[in-house]
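Read through the structure below, which is laid out as structure tokens, and then see the notes.
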Amino acid sequence: MQIAVVTGGGRGIGAAITEKLASENFFVILIVNKSLDPARTIVDNIRSNGGQAEIIQCDVSNGHDIKQTMAAIQDQWGTPSILVNNAGVGGPYHAIDQVSEEEWDWIMNTNVKSMFLFSKYVLPQMKEQGYGRIINLSSIFGVWGGANSAVYSTSKHAILGLTKSIAAEWGPYGITCNAISPGYVKTEMGIQEEQVTDHLARVLERSPVKAIVGTKDIADMVNYLAGPSGSMINGASFVIDGGLSAHA
Ligand code: NDP
């Protein structure tokens, strides 16, 4: 059974990814910080359907935690075939001159440094097994910028640079790395953004399909990239936004 590690697998988009990969017969390891209870419910459901899943608690903004987590996974279960770097935080929703250094560090550590570190530790293991898939969650804010979104947008742009560089560097060893850039998805993060902007209304007005992206839409793409059909897709970024960003 192939091992899939999903950061932030306990809720939101990560929960949908976990459930999808488990239903496709991956042994899923959920990396969870605060969402232990929802993660336990997900794992119970997976197990009662004959699947395999485990939870590891790890603060992905903490490099030491990540190193220990990846060592524990290797010791207990072996090398992951799939790493989904999904965990992330939104905000802060204010202008650059109001952004503190602490906020900058928190967002960049959680959203970008975590993806660098999980990749750093898993890549040599994947190279040894001659196979690996890394899928990073960027955002439509990795494509465009936005007022009061500078740190988040910067972090999501950086993820695309990391994705392409891993693709170029580790492709020769049977490893692919791709990014998914969702538009607005109605999770806790999406709702938080909605509360400080008129985001939902603007999305529905601008969206050619006049609908909101679902967590399942993202999970289905992750599953495609994680499977054998994705072998020639490397260094790519898939915008999933119903066409929101396709027009001016
Ligand atoms: P949620 O706010 O619903 O969930 C965030 C997830 O990240 C949770 O599972 C949370 O785990 C995890 N997380 C946050 N901080 C940490 C931390 N320090 N350590 C470990 N885990 C952490 O967000 P979404 O599900 O909506 O977002 C998932 C990804 O998709 C993010 O990278 C986000 O930027 C991206 N995205 C989301 C969009 C949206 O509109 N919702 C649009 C575009 C991109 P826990 O609860 O255990 O702390």
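Since every read-out is calculated from the coordinates, none of them should be taken as a lab result. This is a predicted model, so every value here is computed, not measured. Counting neighbours? That spans all protein chains shown, and the Cβs are built from the backbone with ideal geometry, glycine included.
How large is the helix-only mean residue ellipticity at 222 nm for the chain, computed as the sum of -39500 (n - 2.57) over DSSP H runs with n ≥ 4, divided by its residue count, in deg cm²/dmol to the nearest 500?
-14500 deg cm²/dmol
Over the chain, what is the mean sequence separation of C-alpha contacts under 8 Å (at least six apart), divided by residue count, expressed as relative contact order in percent?
Details: 480 pairs, mean separation 46.8, N = 248.
Over the chain, the number comes to 19 percent.
Could you give the spread of the C-alpha atoms of the chain along their three principal axes, from largest to smallest, in whole angstroms?
45, 37, 37
May I ask you to derive the relative contact order of region 152-248, considering only C-alpha pairs under 8 Å and at least 6 residues apart, and to give it as an integer percent? List each step's numbers first, then the result.
Values: 108 pairs, mean separation 39.2, N = 97.
Relative contact order comes out at 40 percent.
Which one, G51, Q195, S61, is farthest towards the positive end of the dipole of the chain when Lys and Arg carry +1 and Asp and Glu -1 on their Cβ?
G51
Within region 155-223, how many lysine pairs that are 8 or more places apart, or on different chains, have C-alpha atoms less than 23 Å apart?
Details: K156/K164; K156/K186; K156/K216; K186/K210; K186/K216.
Counting lysine pairs in region 155-223 gives 5.
For E188 and A211, what is the calculated FRET efficiency with R₀ set at 22 Å and r taken between the beta-carbons, to the nearest 0.05? Don't jump to the answer; show the numbers that get you there.
Details: r = 20 Å, r/R0 = 0.90.
Once rounded, the FRET efficiency stands at 0.65.
Tell me the angle of helix 63-76 to the major Cα principal axis of the chain, expressed in degrees between 0 and 90 and rounded to the nearest ten.
The two axes meet at around 30 degrees.
Assuming R0 = 30 Å, what is the FRET efficiency of A201 and Q98, from their Cβ-Cβ distance, to the nearest 0.05? Write out the running numbers ahead of the final one.
Numbers: r = 24 Å, r/R0 = 0.81.
The computed FRET efficiency comes out at 0.80.
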